[in-house]
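Visitor: Structure provided below as structure tokens; questions to follow.
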Amino acid sequence: MNKYVFGVDIGGTTVKIGFFSADGTLHEKWEIPTRTENGGEQVLPDVAASIKEAMARHGVAAEQVEGIGIAVPGPVDAENTVYKCVNLGWGVFNVKERMNELLPEIPRVAAGNDANVAALGELWQGGGQGCRSAVMITLGTGVGGGVVLDGQIVAGHNGGAGEIGHMTVNPAETVACTCGKYGCLEQYASARGIVHMAKGMLADCDTPSALRDMADFTSKEICELAAAGDAMAVAIMERFGEYLGRVMSFISCTVDPDVYIIGGGMSRAGRIVTDTVLRYYRKYAFHVSTGTGVAIAKLGNDAGIYGSAKMILNA
């Protein structure tokens, strides 16, 4: 009898769902809207209904389903309890218990933080394929992180492992991060943060740059100008690389992964990001870890559904 798993990635706007064979083959993926009204009370019932529809569509009986993995945008502990998802309106509750109420015929449910789950997906079938341990760093609107050691997600006691975007890298910072602290990595290495940092650097010097001719600019344009040799853009990327590379050296002293996987929108800039970060990482890393590689994520928005499915297969 063929066995299957469902991988679910809950975002603030849409829920992505994947239907996999137990060997990891993705047969179908789709999205449903994330209904966040009334404290997000309808999100998991909508997921359960969509999974039931898919089972009927594929002619799959409940006993053929190994389980459902769920990635959520918030801290999740080892017991599948989520500790507030602001974007969903969720408070504190146990995801597994709620899904067991909705789909009692499928008792195996595993939940995890979306960044950690994405890291597991990339390690399994993405940029970290062939490795046992990885730290994924997502450079998007913010900076996210996920830690996978020996093929297993490290969530931490409070579900906060991997929140590298809120490591303090500049105690002298006077502008608050979105988390309320000052000088977080996210303020310099995210797409939004690097633009803010660039504007400050431009105001503090008179180095000629094409950036000065722009009414506004994006992280993508900074990366493109740096790759083209614009001196100011290069300086901005150097500061970005030093902050992130130094943080990676700290991480290696703690968990020593096989590979760092860079994802998110800024990863599309390619080598101007990875080469700069890797140079500073090797400058600061403990000598036994200087050979750790840096790879670009490959699964894109599908990393969450792959990682969610892998949580079940690992179990």
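The values are calculated or read from the model by the stated rules, or taken from the named source; none is laboratory data. Just so it is clear, the structure is predicted and the values come from calculations on it, not from any experiment. For neighbour counting, all protein chains shown are included, and Cβ atoms are generated from backbone atoms with ideal geometry for every residue, glycine included.
For (1) closer than 22 Å to residue 60 by Cβ; (2) small (Gly, Ala, Ser); (3) free of Cβ contacts under 8 Å to residues at least 12 places away in the same chain, each residue gets a yes or a no:
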{"residue": "94", "(1), (2), (3)": "no, no, no"}
{"residue": "103", "(1), (2), (3)": "yes, no, no"}
{"residue": "114", "(1), (2), (3)": "no, no, no"}
{"residue": "117", "(1), (2), (3)": "no, no, no"}
{"residue": "128", "(1), (2), (3)": "no, yes, no"}
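Visitor: Out of 209, 249, I need the residue that is within 22 Å of residue 134 (Cβ to Cβ) and either touching a Gly at 6+ places or on another chain (Cβ under 8 Å) or in the same structural domain as residue 152 (by TED's automatic domain parsing) (or both). Which one?
Guide: Result of the check over 209, 249: 249.
Visitor: Still on this structure: Within the stretch 80-123, which residues are surrounded by fewer than 22 Cβ atoms within 10 Å (Cβ to Cβ), at pLDDT 90 or above and over 21 Å from residue 41 (Cβ atoms)?
Guide: Within the stretch 80-123, 105, 108 qualify.
Visitor: Hey, another quick one. Go through the stretch 75-97 and count every residue that is assigned to a loop (DSSP other than H, G, I, E, B) and at positive phi.
Guide: Residues meeting the conditions: 2.
Visitor: Sticking with this structure for a sec: Output the number of residues of the stretch 177-196 satisfying the condition of being at pLDDT below 95 and among the aliphatic types (A, V, I, L, M).
Guide: Summing the residues that are at pLDDT below 95 and among the aliphatic types (A, V, I, L, M) in the stretch 177-196 gives 1.
Visitor: Still on this structure: Scan the stretch 16-50 for residues that are under 18 Å from residue 90 (Cα atoms), in a loop (DSSP other than H, G, I, E, B) and within 23 Å of the chain's Cα centre (by Cα) and report the count.
Guide: So the answer is 3.
Visitor: For the condition assigned by TED's automatic domain parsing to the domain that holds residue 148 and part of a helix (DSSP H, G or I), what is the one hit in 243, 260?
Guide: 243
Visitor: Give the number of residues within the stretch 1-15 that are within 24 Å of the chain's Cα centre (by Cα) and part of a loop (DSSP other than H, G, I, E, B).
Guide: Of the residues in that region, 3 qualify.
Visitor: Are there any pairs with C-beta distances below 8 angstrom linking a residue in the stretch 31-42 that is assigned by TED's automatic domain parsing to the domain that holds residue 18 to a residue that is charged (D, E, K, R) and assigned to a loop (DSSP other than H, G, I, E, B), with the two at least 6 apart or on different chains, and if so which?
Guide: 42/35
Visitor: Looking only at the stretch 275-283, decide whether some residue is surrounded by fewer than 17 Cβ atoms within 10 Å (Cβ to Cβ), more than 30 Å from residue 212 (Cα to Cα), modelled with pLDDT of 95 or more and touching a Lys or Arg at 6+ places or on another chain (Cβ under 9 Å).
Guide: Among the residues of the stretch 275-283, at least one is surrounded by fewer than 17 Cβ atoms within 10 Å (Cβ to Cβ), more than 30 Å from residue 212 (Cα to Cα), modelled with pLDDT of 95 or more and touching a Lys or Arg at 6+ places or on another chain (Cβ under 9 Å), which makes the answer yes.
Visitor: Is it the case that some residue within the stretch 48-59 is surrounded by 14 or more Cβ atoms within 10 Å (Cβ to Cβ), among the basic types (Lys, Arg) and under 26 Å from residue 145 (Cβ atoms)?
Guide: No - not one qualifying residue is present in the stretch 48-59.
Yes/no per residue for (1) modelled with pLDDT of 95 or more; (2) within 13 Å of the chain's Cα centre (by Cα); (3) surrounded by 19 or more Cβ atoms within 10 Å (Cβ to Cβ):
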site: 271; (1), (2), (3): no, no, no
site: 285; (1), (2), (3): yes, no, yes
site: 290; (1), (2), (3): yes, no, no
site: 303; (1), (2), (3): yes, yes, yes
site: 312; (1), (2), (3): yes, no, yes
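Visitor: Now for a different question. Please go through the stretch 209-235 and give me each residue that is over 24 Å from the mean Cα position of the chain (by Cα) and assigned to a helix (DSSP H, G or I), ordered by number.
Guide: Passing the criteria: 210, 211, 212, 213, 225, 226, 227, 231, 232, 233, 234, 235.
Visitor: Got a number for residues in the stretch 29-40 being under 20 Å from residue 53 (Cβ atoms) and not polar (S, T, N, Q)?
Guide: So the count comes out to 6.
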